[in-house]
There are 2 protein chains.
Amino acid sequence: MGDPNGIGPEILARCLVDEDVLRRVDLIPVGAPAVLAHYIGQDNALSGAGDRVPAYQIEAVEADPEFQLAPGRADSRAGKLAMDSVARAITLCLEGRVDAMTTCPISKEVIARAGFDVPGHTEFIAEKTASPDVLMMMVSGNLRVGLVTAHLPLRDVPSHISEERVARAIRLMAASLRSDFDMERPRIAVLGLNPHAGDGGVLGSEEGAIIVPTMKRLTHVAELSGPYPADGFFGSGGWKRVDGVVAMYHDQGLGPFKALSFGKGVNFSAGLPIVRTSPDHGTGFDIAGTGRADAASLKAALLLAADIAERRKGRPG
Amino acid sequence: MGDPNGIGPEILARCLVDEDVLRRVDLIPVGAPAVLAHYIGQDNALSGAGDRVPAYQIEAVEADPEFQLAPGRADSRAGKLAMDSVARAITLCLEGRVDAMTTCPISKEVIARAGFDVPGHTEFIAEKTASPDVLMMMVSGNLRVGLVTAHLPLRDVPSHISEERVARAIRLMAASLRSDFDMERPRIAVLGLNPHAGDGGVLGSEEGAIIVPTMKRLTHVAELSGPYPADGFFGSGGWKRVDGVVAMYHDQGLGPFKALSFGKGVNFSAGLPIVRTSPDHGTGFDIAGTGRADAASLKAALLLAADIAERRKGRPG
């Protein structure tokens, strides 16, 4: 459900009556029933849905007795409810009672106030599932972008580009493309760190010193190409000739990704023992409760989770 | 004409018979007539153009007697011919014999071999026109992106983000939107340096320490907004609500720009006394001479140069 005061419950309510979702997914909302009921009651599309609404079962998580729904408000009780819901979903996954989980947005600031000392969902889930290696991968159709570094000040990015980190991202992406996207011999493009991928060393040395040597060590892992200049790689359609793209930092990968995915991007956490996706947007506190939230990214996240769960199940062991 | 061994003369030849170009521009090719004749002779579209080909006049630049056309070859004689052609075009502009110039791609490596110690066209033209302040602005329809820093290793970007440089970029963009794009009160969006525009300081301090104070000083210059998180700004269509976007570094601005401009982006040098545009791609040595080059970006560059020249002429002073 995400932060109950964000757009999460609203877009979740929309997906509960979305025909594409109903056809592919047995959706079990996890959260406070009263919050969800509020949005189901308010939304005209939902009220009018009549008997098309399936007999879904809410996995109820108890809210603090003093919690009151207040769209747009940063409230530590809301943060606690959101994180308790995430914890419940993780348990459902680990116990095999569900095949995948999709998380709606939370606010880092709000969960911190609620006493959760983690940067976000991904780190929380990694900890609860004892998974040291997770790759943040953005997915939209055949465009898949993984990040070597993610939530770091730009100033700290170059010093974090190491052979170890680049290799880890490539390995995690290759493994996920095999197990989650059914690609036997994945083709992975690697972007340079610097403009023009360093232009032969004139605009930076990390390509020659770190990225290229790492790629040479990993030719058995995937069909690797690059390092490519990041600016032209997406616009020229270079991404269409590969199965995945490894970007060096947040805005380098996500700027073009979001420009190309038109609000339907999905964040997938590759490397976890459980299947977890999420929409690629935030809590939307500024529009929560106004009925203006777009459920497209959550819908895509639910469908991708279903696809990946099916592919993992279809594989032996 | 650009580097004669690149795709420049080929795409220029295509534009010479493009009806949209013919309608708007009196095109004067600047370069070696033999090189251009080679492409006009080879191209079927051009051979078949018959009497639609206008009586254009070539501004002939003499090649080294030993220069031989060899598509794809990095040749210092080609570099000299290209730069002599650029110098001639600058002269034509400064003498008022033409209204604008559009440059085809050159190779930094090749011109260096030819003894030209400048990073590229822009710096060369800035020097020849005694223009200390130039802003690299990418234009595609109503999407206009200017860069505070451009050809720098990523490692050096944060230390180059200063109040002075950010202010210069904003001022140059505001002045250009007024004089070149006829906007009386330009709306300019400013991007953050860090992921999530620093997330309130958690992911970097330059937004609060440098960018925001600079913007506050410049509220009289333009209607400023931001600093915005760069990754979502383009995908969410935020750029449609402003007239220009100031990005902090190369890949942050150009990655999304190229993803959205579909090969029709134009590089415009704002702040020069003359009008100068160029296509947003390189020499294409790998496909030069094969007939596969796409003239769309050059065509857009020619049409934009014509638009801007007309707007500047239409203004008093």
### Summary
Those residues of region B:273-282 which are touching a strand residue (DSSP E or B) at 6+ places or on another chain (Cβ under 6 Å) and not hydroxyl-bearing (Ser, Thr, Tyr) amount to B:ARG276, B:ASP280
#### Entry: Subset tally (residues that are farther than 21 Å from A:GLU207 by Cβ, surrounded by fewer than 19 Cβ atoms within 10 Å (Cβ to Cβ) and out of contact with any Pro (no Cβ under 9 Å at 6 or more places or on another chain)) for region B:144-165
3
### Qualifying positions in region B:221-245 - surrounded by fewer than 17 Cβ atoms within 10 Å (Cβ to Cβ) and under 18 Å from B:GLU206 (Cα atoms)
B:SER225
### Task
Could you figure out which of (1) more than 12 Å from every other protein chain (Cβ to nearest Cβ); (2) at pLDDT below 95 isn't true of A:SER261?
(1)
### Summary
The condition from (1) within 14 Å of another protein chain (Cβ to nearest Cβ); (2) surrounded by 15 or more Cβ atoms within 10 Å (Cβ to Cβ) that B:ARG168 misses is numbered (1)
### Query
Do we find a residue being buried (at least 22 other Cβ atoms within 10 Å of the Cβ), more than 27 Å from A:GLN252 (Cα to Cα) and either touching a residue at least 40 places away in the same chain (Cβ under 8 Å) or in the same structural domain as B:GLY244 (by TED's automatic domain parsing) (or both) anywhere in region B:117-140?
yes
### Task
Would you mind finding the one in A:LEU177, A:LEU172, A:LEU154 that is in contact with a helix residue (DSSP H, G or I) (Cβ under 7 Å, 6 or more places away or on another chain) and in contact (Cβ under 8 Å) with a residue 24 or more places away in the chain?
A:LEU154
### Query
So which residues in region A:113-134 are at pLDDT 90 or above and not β-branched (Val, Ile, Thr), if there are any at all?
A:ARG113, A:ALA114, A:GLY115, A:PHE116, A:PHE124, A:ALA126, A:GLU127, A:LYS128, A:ALA130, A:SER131, A:ASP133
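With A:ALA70, A:ALA87, A:ALA63, A:ALA74 as the choices, which residue is in the same structural domain as A:GLU10 (by TED's automatic domain parsing) and in a helix (DSSP H, G or I)?
Result: A:ALA87 is the single residue among A:ALA70, A:ALA87, A:ALA63, A:ALA74 that is in the same structural domain as A:GLU10 (by TED's automatic domain parsing) and in a helix (DSSP H, G or I).
Does A:ALA288 count as away from every other protein chain (no Cβ under 12 Å) and either within 26 Å of A:ASN194 (Cβ to Cβ) or outside any loop (DSSP other than H, G, I, E, B) (or both)?
Details: away from every other protein chain (no Cβ under 12 Å): yes; either within 26 Å of A:ASN194 (Cβ to Cβ) or outside any loop (DSSP other than H, G, I, E, B) (or both): no.
The answer is no for A:ALA288.
Out of A:ASP294, A:ASP251, I need the residue that is within 14 Å of chain B (Cβ to nearest Cβ), assigned to a loop (DSSP other than H, G, I, E, B) and either touching a helix residue (DSSP H, G or I) at 6+ places or on another chain (Cβ under 6 Å) or surrounded by fewer than 20 Cβ atoms within 10 Å (Cβ to Cβ) (or both). Which one?
Numbers: A:ASP251 fails: assigned to a loop (DSSP other than H, G, I, E, B).
Residue meeting the stated conditions: A:ASP294.
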### Scope region A:218-248; condition within 11 Å of A:LEU193 (Cα to Cα) and assigned to a loop (DSSP other than H, G, I, E, B); matching residues
A:PRO229, A:MET248
### Query
Which ones in region B:187-217 are surrounded by fewer than 21 Cβ atoms within 10 Å (Cβ to Cβ), over 26 Å from the mean Cα position of the chain (by Cα) and either in a loop (DSSP other than H, G, I, E, B) or away from chain A (no Cβ under 14 Å) (or both)?
B:VAL202, B:SER205, B:VAL212, B:PRO213, B:LYS216, B:ARG217
### Query
Within region A:279-289, can one find any residue that is more than 19 Å from A:ASN142 (Cβ to Cβ) and over 22 Å from the mean Cα position of the chain (by Cα)?
yes
### Summary
Here the residues within region A:283-313 that are hydrophobic (A, V, I, L, M, F, W, C), touching a residue at least 60 places away in the same chain (Cβ under 8 Å) and in contact with a strand residue (DSSP E or B) (Cβ under 9 Å, 6 or more places away or on another chain) are A:ALA295, A:LEU298, A:ALA300, A:ALA301, A:LEU302, A:LEU303, A:LEU304, A:ALA305, A:ILE308
### Query
Of all the residues that make up region B:218-248, how many are away from every other protein chain (no Cβ under 14 Å) and either touching a residue at least 60 places away in the same chain (Cβ under 8 Å) or touching a Phe, Trp or Tyr at 6+ places or on another chain (Cβ under 6 Å) (or both)?
3
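Taking the residues in region B:254-276 that are assigned to a loop (DSSP other than H, G, I, E, B) and β-branched (Val, Ile, Thr) as candidates, determine which candidate is surrounded by the most Cβ atoms within 10 Å (Cβ to Cβ). So that I can check it myself, show each step before the final result.
Going through region B:254-276, the residues assigned to a loop (DSSP other than H, G, I, E, B) turn out to be B:262-265, B:271-275.
Applying the additional criterion that residues be β-branched (Val, Ile, Thr) yields B:274-275.
Details: B:ILE274: 21, B:VAL275: 24.
Within region B:254-276, the match that is surrounded by the most Cβ atoms within 10 Å (Cβ to Cβ) is B:VAL275.
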### Message
Against the conditions (1) under 20 Å from the mean Cα position of the chain (by Cα); (2) surrounded by 24 or more Cβ atoms within 10 Å (Cβ to Cβ); (3) outside the structural domain of A:ILE125 (by TED's automatic domain parsing), where does A:ASP182 fall short? Just the number, please.
### Response
(2)
### Message
For region A:142-162, give me each residue that is within 14 Å of chain B (Cβ to nearest Cβ) and either in a helix (DSSP H, G or I) or under 20 Å from A:GLY263 (Cβ atoms) (or both).
### Response
A:LEU143, A:VAL145, A:LEU147, A:LEU154, A:ARG155, A:ASP156, A:VAL157, A:PRO158, A:SER159, A:HIS160
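The values are calculated or read from the model by the stated rules, or taken from the named source; none is laboratory data. Predicted model, so just to flag it, every value in this text is computed and none were measured. Virtual Cβ from ideal backbone geometry, glycine too; neighbours counted across all protein chains shown.
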